[in-house]
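Written below as structure tokens is the structure these notes are about.
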Amino acid sequence: MERIIKSHIEKLPEGVDLATSREVPGLDAQGRTATETLEMARDVAGKLIEAHRERSGDPELSSVGDSFDYRLIVNS
């Protein structure tokens with residue numbers, strides 16, 4: 001099942017991007033670009049959610065509905 005989580009990405013002084021989420025405790029993913037960071041965050045979040053499900057049942061996260069807002073990152 002697809003879920004939506006809010007994530008935060010910031011550029012660190014070392015030049016890498018860091019993704020975190022208040023909705024998925026423990027989510028920390030770094031990458032060289034925002035795209036790479038999001039891909040890694042998606043993988044880490046999936047593993048953390050699965051571990052939570054095995055311990056405590058399904059976490060309370062929003063399901064993907066018929067529509068949702070998504071910010072695109074583009075090179076210009």
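Coordinate-derived values only; no laboratory data. Remember, it's a predicted structure, so these values are computed and weren't measured experimentally. Neighbour counts run over all protein chains shown; Cβ positions are idealised from the backbone, glycine included.
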Residues that are in contact with a Leu (Cβ under 7 Å, 6 or more places away or on another chain) and basic (Lys, Arg), drawn from the range 1-48
Arg3
Which pairs turn up if I take residues in the range 1-23 that are touching a residue at least 40 places away in the same chain (Cβ under 8 Å) and within 12 Å of Ala34 (Cβ to Cβ) and look for partners that are among the polar types (S, T, N, Q) and in a loop (DSSP other than H, G, I, E, B) with beta carbon separation below 6 Å, at least 6 apart in sequence or on another chain?
none
If a residue must be exposed (fewer than 11 other Cβ atoms within 10 Å of the Cβ) and farther than 25 Å from Asp58 by Cα, how many such residues does the range 11-28 contain?
4
Do we find that Leu72 is exposed (fewer than 11 other Cβ atoms within 10 Å of the Cβ) and aliphatic (A, V, I, L, M) in this structure?
yes
Does the range 21-70 hold any residues that are hydroxyl-bearing (Ser, Thr, Tyr) and within 15 Å of Arg3 (Cα to Cα), and which are they?
Ser21, Ser62, Ser63, Ser67, Tyr70
Counting only residues that are closer than 21 Å to Leu27 by Cα and either small (Gly, Ala, Ser) or part of a helix (DSSP H, G or I) (or both), how many does the range 50-76 have?
10
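Within the range 29-36, is even one residue of a type in the set (D, E, K, R) and loosely packed, with under 10 Cβ neighbours inside 10 Å? Give the steps one after another, and end with the answer.
We begin by selecting, within the range 29-36, every residue of a type in the set (D, E, K, R); these are 32, 36.
Filter once more, so that each one left must be loosely packed, with under 10 Cβ neighbours inside 10 Å: none.
No, there is no match, as no residue in the range 29-36 is of a type in the set (D, E, K, R) and loosely packed, with under 10 Cβ neighbours inside 10 Å.
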